[in-house]
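Below is one structure, written out as structure tokens; the observations come after it.
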Amino acid sequence: MSRNHSLLAGITLLWLVEGVSAESWLRFLPDRERVETLVLENETVSYKISLTQGVALASLRHKGLGEDFLANNPALHFASIRSQRNVGYQILDIVDQSNKERGVSVVLTERSTYAENLLEVVQTFSLDEGPELAWNLRVKNLSAPGIGYRTEITVSSRIDLPLLQKLRPLGESQCHYLLPTGDSFFCIDSPEDFSFYFTRETDPMMPIDIWGASGSGGVYFQILRSALRFAFQDSEDFKSKVFSMDYPAGGETEILDCRISPHPGDWHAAFEAFRDEIRSGFDFTYYQRPIQQSFRKRFVSHFTFLYGHDIYDPDQNQFRIDEFLDEGEVNFGGYDYMLLWHDYPRTGLDQRDQFAMYEDLPGGLPGLRGMVDRAHARDVQVFIPYKPWDIIGKRQNPYDEEALIAEAIGADGIFLDTMSASDRIFRESLDRVSEDIVFSSEGRPPLKSMELVTGSWNQNSRASNKMPNVDLLRFVLPEHNVRNINRAARKRDELVLNALFNGVGFIVWEDIFGEINRFTWQERCLIKRYSRIIHENSDAFLTINPLPLVPDLREDVYINAFPVEEKCVYPVFQLGREKVSRYKSDRLIGPFLEVDHPQEWHYVDVWNHQPIRADRAGQRTRLSFFEEPADVMSCVIGFPTRLSVQRRGDELLIETSDERAEGSLQINLVDNLTMLETEAAHFQSTRGVVDVRELGLKFPYVVLVKLMKGSVLVDEVIVDMGWKRFDE
């Protein structure tokens, strides 16, 4: 409730009753009749808005931290909006809109007494029990025919956002910036080294965050809607950016709707706010189906061109499914599912559409069902494609046709070719057949479509074929099954590393409708190593709380984290390793990360097969490479210590610290050229004795002792058996 009492003295004030809610309150300084400063406050924060010269933030105090985040900053205007004739704004109206349910809220309206300035600027500020100040900025074009000499015209203006662009949190001289760069890409300071990538530019963007170089704290600006395009080349472009806007006559333009909040630490507070905002409005109904838990564990897939001779025998006119899957295990570590591609590029040669062409395959639908059954017997799921562009048959209900074929052959999923979304009608057609058939799209879906489409390809090579780019979607919606693919690339090592780094799936595609693009033997080795690690640690990689780019101890190291209760996986990447010199101190030797796990945990690098040194640093554990990793990539895993391995002559005595522990022991050897593991022994118990002379050890003498629970790694000890002796 508000009362309007006009007083023209360069400023127009409203006679206000001081706003109070159960969780927050609004004060007017020095008093209600002569307002110079507004204070929006709750138990956590206090925002002081100065009205003496425009509308500016003069203080942002976080009570729990005991800090004013605007200390040593001048009062910073929220917005500076200048039309062609910059005569400014002389009138300010203040309306209190506070209520007990929504907290405190105040509307500030600026307009000019000069006819040349036709713009009215309306800013609304709201605060409830949380730390975020809601800021809404709107501009009205007041021009209308028949009012004095005014005519109905479109007005243009330049816009600066001084609070956003000039802020130095806590008065720090050097700051870092989390910024959008366009096309749903984000960076820290500059995209030169790496980028975050998300979904679509039409979806919400990460908050802009500004924090001090010391990491002591910052302020984020979570922009929910804006008429401005926030895309910057780097931090210098951000700080100097001048926006422009045209306002139609008689219209109102929402410049932005934003949430402002101080926070301790670095940009991760902005990430958490972004993650919470996305997840709070997301419908997880289809992700809660039991089949989704199995689908999430399907990491490695194969694009199976059904006329390729890797699976089709033209002499016998039959599919060689078992040989195909055997070769997949040898070359890539095996497949979790395969996409059967049966029509394009044959489509259009006659009047058969995508549904009729199934009958042309060996054995028709019954023959295809037999192949699917063989794949299922080997725990390989099968997807079939749906092509929205195939209108040859002009079927009345193609969704029902696709569902009937999926039912006939026992398909596990539908691949939405060229699509990033699907109709709910399509989902209903499938549900009449089976609720255990999932959708996976070729395109990266917008967030709304992801509610229905629970898996997707990531084909953006600009994003996924560059390290250490971070797949932001993977960390915001870990329930969604993402898979990396770049069918045209001739160099895919970073594509594989990016899949491990982000904990996403990978698609093997070598026969591109008859054009062959083979993986090199090095890439095949990388995929097999990636596949082993992501499957053995699926419990961690499928965590609901993955953490992107955890703070570490080196500027050239990038680390994601995948924590569960008794394990944490840290994919580690060193950027610029090729520039490292043995004559300098920048080799990756020594401390690189501090963690908060219990003191009895230990750590191994399962990518390079080496133990990691762990030392106490106060209340934390400091991890160190005491030997430089052999590769730019590492994958460090922390476990509670469960295995005890003692060497007695040529024997390894293995037991667990917990007699009640369940599982099995697996003894693996490492190939020195490929870094691939081979299983040398297996015990269906948690203790055993290994005679190393019977393992067939070859240089280097590295033995991996693994405690497994089913297919999941519970603990690992790396045993260095020493160098090869020349007299052997």
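The values are calculated or read from the model by the stated rules, or taken from the named source; none is laboratory data. None of the values given here were measured: they were computed from a predicted structure. Cβ sites come from the backbone with ideal geometry, for glycine too, and all protein chains shown count toward neighbours.
Would you mind finding the one in Tyr287, Tyr335 that is within 19 Å of the chain's Cα centre (by Cα) and hydroxyl-bearing (Ser, Thr, Tyr)?
Tyr287
Please pick out the residue among Ser634, Ser685 that is of a type in the set (Ser, Thr, Tyr) and over 37 Å from the mean Cα position of the chain (by Cα).
Ser685
Report, by residue number, each residue of region 632-657 that is of a type in the set (Asp, Glu) and within 15 Å of His602 (Cβ to Cβ).
Of everything in region 632-657, nothing turns out to be of a type in the set (Asp, Glu) and within 15 Å of His602 (Cβ to Cβ).
Where in region 186-289 are there strands (runs of 3 or more DSSP E), lying wholly inside it, with at least 3 residues that are farther than 14 Å from Leu161 by Cβ and among the charged types (D, E, K, R)?
In region 186-289, 252-264 are the strands (runs of 3 or more DSSP E) which contain 3 or more residues that are farther than 14 Å from Leu161 by Cβ and among the charged types (D, E, K, R).
Please go through region 210-234 and pick out each residue that is surrounded by 15 or more Cβ atoms within 10 Å (Cβ to Cβ), more than 18 Å from Asn136 (Cβ to Cβ) and small (Gly, Ala, Ser).
Those that are surrounded by 15 or more Cβ atoms within 10 Å (Cβ to Cβ), more than 18 Å from Asn136 (Cβ to Cβ) and small (Gly, Ala, Ser): Gly212, Ser216, Gly217, Gly218, Ala231.
Residues are listed down the side, and each one gets a yes or a no for (1) closer than 30 Å to Glu277 by Cβ; (2) among the small types (Gly, Ala, Ser); (3) touching a residue at least 40 places away in the same chain (Cβ under 8 Å):
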position	(1), (2), (3)
Met467	yes, no, yes
Val470	yes, no, yes
Arg490	no, no, no
Gly503	yes, yes, yes
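Residue check: is Val470 under 30 Å from Pro191 (Cβ atoms), β-branched (Val, Ile, Thr) and either touching a strand residue (DSSP E or B) at 6+ places or on another chain (Cβ under 7 Å) or buried (at least 23 other Cβ atoms within 10 Å of the Cβ) (or both)?
Considered against the rule, which asks whether it is under 30 Å from Pro191 (Cβ atoms), β-branched (Val, Ile, Thr) and either touching a strand residue (DSSP E or B) at 6+ places or on another chain (Cβ under 7 Å) or buried (at least 23 other Cβ atoms within 10 Å of the Cβ) (or both), Val470 comes out as yes.
Do any residues in region 438-451 that are among the β-branched types (Val, Ile, Thr) have Cβ atoms under 6 Å from those of residues that are modelled with pLDDT of 95 or more, where the two are at least six apart or on different chains, and which pairs are they?
Within 6 Å, the pairs are Val438/Phe295; Val438/Gly413; Val438/Thr454.
If the Cβ limit is 8 Å and pairs must be 6+ apart or interchain, which residue in region 319-331 that is in contact (Cβ under 8 Å) with a residue 40 or more places away in the chain and buried (at least 16 other Cβ atoms within 10 Å of the Cβ) pairs with which residue that is aliphatic (A, V, I, L, M) and part of a helix (DSSP H, G or I)?
Here the result reads Phe319/Met371; Ile321/Met371; Ile321/Ala375; Leu325/Ala375, each pair linking region 319-331 to a residue that is aliphatic (A, V, I, L, M) and part of a helix (DSSP H, G or I).
List the residue pairs whose Cβ atoms are under 9 Å apart, where the first residue sits in region 686-713 and is free of Cβ contacts under 8 Å to residues at least 60 places away in the same chain, the second is among the aromatic types (Phe, Trp, Tyr) and assigned to a strand (DSSP E or B), and the two are 6 or more positions apart or on different chains.
Val690/Phe683
Which of the following residues is surrounded by fewer than 22 Cβ atoms within 10 Å (Cβ to Cβ) and within 29 Å of the chain's Cα centre (by Cα): Asp436, Asp412?
Asp436
List the residue pairs whose Cβ atoms are under 8 Å apart, where the first residue sits in region 265-276 and is closer than 10 Å to Met206 by Cα, the second is in a helix (DSSP H, G or I) and at pLDDT 95 or above, and the two are 6 or more positions apart or on different chains.
The qualifying pairs are Phe271/Phe475; Phe274/Val476; Arg275/Phe475; Arg275/Val476.
Among the residues in region 392-402, are any surrounded by fewer than 15 Cβ atoms within 10 Å (Cβ to Cβ) and in a helix (DSSP H, G or I)?
Checking region 392-402: not a single residue is surrounded by fewer than 15 Cβ atoms within 10 Å (Cβ to Cβ) and in a helix (DSSP H, G or I).
Name every residue in region 241-252 that is among the hydroxyl-bearing types (Ser, Thr, Tyr) and either within 17 Å of Lys140 (Cβ to Cβ) or without any contact (Cβ under 8 Å) to a residue 24 or more places away in the chain (or both), in order of residue number.
Once the filter is applied, which keeps residues that are among the hydroxyl-bearing types (Ser, Thr, Tyr) and either within 17 Å of Lys140 (Cβ to Cβ) or without any contact (Cβ under 8 Å) to a residue 24 or more places away in the chain (or both), region 241-252 yields only Tyr247.
What strands (runs of 3 or more DSSP E), lying completely within region 449-521, carry at least 3 residues that are within 24 Å of Leu430 (Cβ to Cβ), outside the structural domain of Ser195 (by TED's automatic domain parsing) and at pLDDT 95 or above?
455-458, 481-484
Of all residues in region 671-713, which are surrounded by 18 or more Cβ atoms within 10 Å (Cβ to Cβ) and more than 27 Å from Asp631 (Cα to Cα)?
Residues satisfying the conditions are Thr686, Val690, Val692.
Being modelled with pLDDT under 95 and either farther than 18 Å from Ala269 by Cα or within 25 Å of the chain's Cα centre (by Cα) (or both) narrows it down to one of Ile188, Ile159, Ile153, so name that one.
Unique residue meeting the criteria: Ile153.
Take the residues of region 607-643 that are of a type in the set (Gly, Ala, Ser) and either in the same structural domain as Ser664 (by TED's automatic domain parsing) or under 14 Å from Phe592 (Cβ atoms) (or both): which is surrounded by the fewest Cβ atoms within 10 Å (Cβ to Cβ)?
Ala617
Hey, among the residues in region 163-183 that are surrounded by 17 or more Cβ atoms within 10 Å (Cβ to Cβ) and assigned to a strand (DSSP E or B), which one's farthest from the chain's Cα centre (by Cα)?
Among residues in region 163-183 that are surrounded by 17 or more Cβ atoms within 10 Å (Cβ to Cβ) and assigned to a strand (DSSP E or B), the one farthest from the chain's Cα centre (by Cα) is Cys175.
Yes/no per residue for (1) within 20 Å of Gly333 (Cβ to Cβ); (2) hydroxyl-bearing (Ser, Thr, Tyr); (3) in the same structural domain as Asp493 (by TED's automatic domain parsing); (4) in contact with an Asp or Glu (Cβ under 8 Å, 6 or more places away or on another chain):
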residue: Ser531; (1), (2), (3), (4): yes, yes, yes, no
residue: Leu553; (1), (2), (3), (4): no, no, no, yes
residue: Lys567; (1), (2), (3), (4): no, no, no, yes
residue: Val580; (1), (2), (3), (4): no, no, no, yes
residue: Gly590; (1), (2), (3), (4): no, no, no, no
residue: His597; (1), (2), (3), (4): no, no, no, no
